[in-house]
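As structure tokens, the structure follows; a few thoughts come after it.
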Amino acid sequence: MRLASADPTVLPQVDPQFFGHPDDLRLAIAGLRYAREILATSPVREMVTQELFPGEKAASDEDLADHCRKTVKTNYHPVGTCRMGRDTDPLAVVAPDLAVRGIAGLRIVDASIMPTIPSGNTNAPVLAIAEKAVDIITGHARMFHEGATAPSNQVSSEPDQVHPS
Ligand SMILES: Cc1cc2nc3c(=O)[nH]c(=O)nc-3n(C[C@H](O)[C@H](O)[C@H](O)COP(=O)(O)OP(=O)(O)OC[C@H]3O[C@@H](n4cnc5c(N)ncnc54)[C@H](O)[C@@H]3O)c2cc1C
């Protein structure tokens, strides 16, 4: 993900690097072939009249690769553009208290802080991140990493009760 311009109203450039590694394409082709095997196996076989996409004529690896390149997409769960991590992680934009490194008074609270994509869906983890953020901001959370400091615009409040987080 890159900035397209210093103008904050200009949308950023997002390149998901589809098939950026050759294994990704190999896996997609193998998946297509496996799907065909399933469709050619009873009892599914009896219910299938015709393969529409990419169609039976697409048989070679190159044909299937071409189809994959044309149809590749995400499954609505892009995450991790502002990865959270320890102070020692050079790729971590966000500290464990959700504060943006190098910018005082700014936290990120959304799916972009996920260090890696969860194997399940992403909406519930976002709610968990938000709940955790509330605890941190209101002072109810116990931080586990040393030297965690609150963003400078944090509203100070005495927690009513301290619970493990
Ligand atoms: C089609 C689709 C189906 C999905 N289905 C599921 C599902 O079934 N189950 C599941 O768990 N997850 C599902 N997800 C994923 C889930 O919706 C997301 O992971 C989750 O919503 C991410 O939360 P977020 O807060 O990070 O971002 P978002 O929910 O995208 O929230 C970002 C918010 O910021 C606002 N915004 C953007 N730019 C600005 C700006 N400049 N100023 C002010 N506000 C701004 C947007 O309007 C938006 O409200 C689906 C996603 C999609 C796209």
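The values are calculated or read from the model by the stated rules, or taken from the named source; none is laboratory data. Bear in mind that the values here come from a model prediction, so they are computed numbers and not experimental data. Glycine also receives a Cβ, built like all others from the backbone with ideal geometry; neighbour counts cover every protein chain displayed.
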*asked:* I'd like the full set of residues that are over 19 Å from Ala141 (Cα atoms), among the hydrophobic types (A, V, I, L, M, F, W, C) and touching a strand residue (DSSP E or B) at 6+ places or on another chain (Cβ under 7 Å), limited to the stretch 79-123.
replied: Cys82, Ala92, Val93
*asked:* Which condition from (1) under 30 Å from Val109 (Cβ atoms); (2) basic (Lys, Arg); (3) assigned to a helix (DSSP H, G or I) is the one that Lys73 breaks?
replied: (3)
*State yes or no: is Ala65 in the same structural domain as Leu27 (by TED's automatic domain parsing) and assigned to a loop (DSSP other than H, G, I, E, B)?*
no
*asked:* Step by step: first the residues of the stretch 7-35, then only those that are of a type in the set (Phe, Trp, Tyr) and surrounded by 11 or more Cβ atoms within 10 Å (Cβ to Cβ), then the one that is farthest from Ser60 (Cα to Cα). Which residue is that?
replied: Phe18
*Some residue of the stretch 40-50 being at pLDDT 95 or above, among the β-branched types (Val, Ile, Thr) and part of a helix (DSSP H, G or I)*: no
_Matching entry among His140, His163 (being buried (at least 16 other Cβ atoms within 10 Å of the Cβ) and either at pLDDT below 55 or in contact with a helix residue (DSSP H, G or I) (Cβ under 9 Å, 6 or more places away or on another chain) (or both))_ = His140
*asked:* The conditions are (1) modelled with pLDDT under 95; (2) within 10 Å of the ligand (Cβ to nearest atom), and Met114 fails exactly one of them. Which is it?
replied: (1)
*What is the number of the single condition among (1) exposed (fewer than 13 other Cβ atoms within 10 Å of the Cβ); (2) away from the ligand (no atom under 13 Å from the Cβ) that Asp97 does not meet?*
(1)
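Conditions (1) of a type in the set (Lys, Arg); (2) surrounded by 13 or more Cβ atoms within 10 Å (Cβ to Cβ); (3) at pLDDT below 95, marked per residue:
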position	(1), (2), (3)
Pro78	no, yes, yes
Thr81	no, yes, yes
Met84	no, yes, no
Pro90	no, no, yes
Thr122	no, yes, no
